[in-house]
Amino acid sequence: MECGKQYRGRLAPSPTGFLHLGHAATFWAAFARAREHGGVLIFRNEDLDGQRCRPEFVQAMAADLHWYGIEWQEGPDVGGEYGPYVQSERHELYLNAWRELLVGGWIYPCTCSRKELAESASAPHDDNDEPVYPGTCRNQRATTASPGGLNWRFRVPDGERVEFVDGRLGAQSFVAGQDFGDFVVWRRDDVPAYQLAVVVDDAAMRVTEVVRGEDLLRSTARQILLQRALGLETPEYFHCDLMKDHCGVRLAKRHDALSLQKLRNEGVSPERAREMAGAIFAPFTPEK
Ligand code: GLU
């Protein structure tokens, strides 16, 4: 981070289920890093996946994180200079970015109907990352002035190495076209894809460091390419270790046993929940 620049971090949960201890541990790391740097933490509701987002999860995610002991200075509940902090209310910003990518010749319409198109509104975590796109529609020409009705892909520079230094994991390197292919930036149902929305928002909200799970490392490489194409600054990245259950399986929202809701309902205290997370999640043992 440049000298003199205020640290701005973010929590970016999607309301597609109840948050569990694994999320809480990652968000705690984001909270701790913002606090260590005397910075600001933003809460952003990433609710673009209309099929999976539900109002009860929106309400629960903020309440559960507050209960756990995490505080933020900007967000849907507290306001702030860079709102709205709800992605479904930021359509115009994403549309401007889509136009810029179109004018720059970075994107093309794709008529393939693949399962991953349906999934692109959500972040592709390692266990559901998409296969490299074979490039079937790469030479299709754009003839519309608005994105709706077609899927749009970002043309990655094949063979180019995307490198960055992660705050926890050190030097990272991915090869475009091998580690990931042309990815969707806009869906035919007129929903911006996760990759585009997150890049636009991190820049618009002046985020200086992105703290999130290491299953999004490959997406960081995709996002760096988008930042370059849009002329945006690349923030720092800090990818956290993922919490696994006793069988070594990554905790997912379906692991209800460790959901913050369930722990709360069972009368577990926030201190105890933080201890439980700390016991499994060593790198950022929360303070008692
Ligand atoms: N909203 C995304 C998710 O819950 C996280 C995105 C990010 O941190 O960049 O998977």
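Just so you know, all these numbers are worked out from the coordinates, no wet-lab data involved. Fair warning: this is a prediction, and the values are worked out from it, not measured in the lab. All Cβ positions, glycine included, derive from the backbone under ideal geometry; neighbour counts span all protein chains shown.
Summary table below
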| item | result |
| --- | --- |
| Residue count, the stretch 194-232 (criterion: of a type in the set (A, V, I, L, M), more than 11 Å from the chain's Cα centre (by Cα) and not in a helix (DSSP H, G or I)) | 3 |
| Test: residue in the stretch 51-58 that is touching a Leu at 6+ places or on another chain (Cβ under 9 Å), outside any loop (DSSP other than H, G, I, E, B) and farther than 22 Å from Phe238 by Cβ | yes |
| Subset of the stretch 1-16 (residues that are under 15 Å from the mean Cα position of the chain (by Cα) and either more than 11 Å from the ligand (Cβ to nearest atom) or of a type outside the set (Lys, Arg) (or both)) | Gly9, Leu11, Ala12, Pro13, Ser14, Pro15, Thr16 |
| Conditions (1) part of a loop (DSSP other than H, G, I, E, B); (2) in contact with a helix residue (DSSP H, G or I) (Cβ under 8 Å, 6 or more places away or on another chain): number failed by Gly38 | (2) |
| Of all residues making up the stretch 191-213, the number that are within 11 Å of the ligand (Cβ to nearest atom) and farther than 22 Å from Leu95 by Cβ | 4 |
| Inter-residue pairs, beta-carbon under 7 Å, first closer than 14 Å to Arg155 by Cα and touching a residue at least 60 places away in the same chain (Cβ under 8 Å) and in the stretch 93-106, second part of a loop (DSSP other than H, G, I, E, B) and not hydrophobic (A, V, I, L, M, F, W, C), 6+ apart | Trp98/Pro147; Trp106/Arg155 |
| Odd one out for Ser14 among (1) touching a strand residue (DSSP E or B) at 6+ places or on another chain (Cβ under 7 Å); (2) part of a loop (DSSP other than H, G, I, E, B) | (1) |
| Filter result for Asp158 (away from the ligand (no atom under 16 Å from the Cβ) and without any contact (Cβ under 8 Å) to a residue 24 or more places away in the chain) | yes |
| Set Val175, Val185, Val211: member being farther than 27 Å from Lys244 by Cβ and in contact with a helix residue (DSSP H, G or I) (Cβ under 7 Å, 6 or more places away or on another chain) | Val185 |
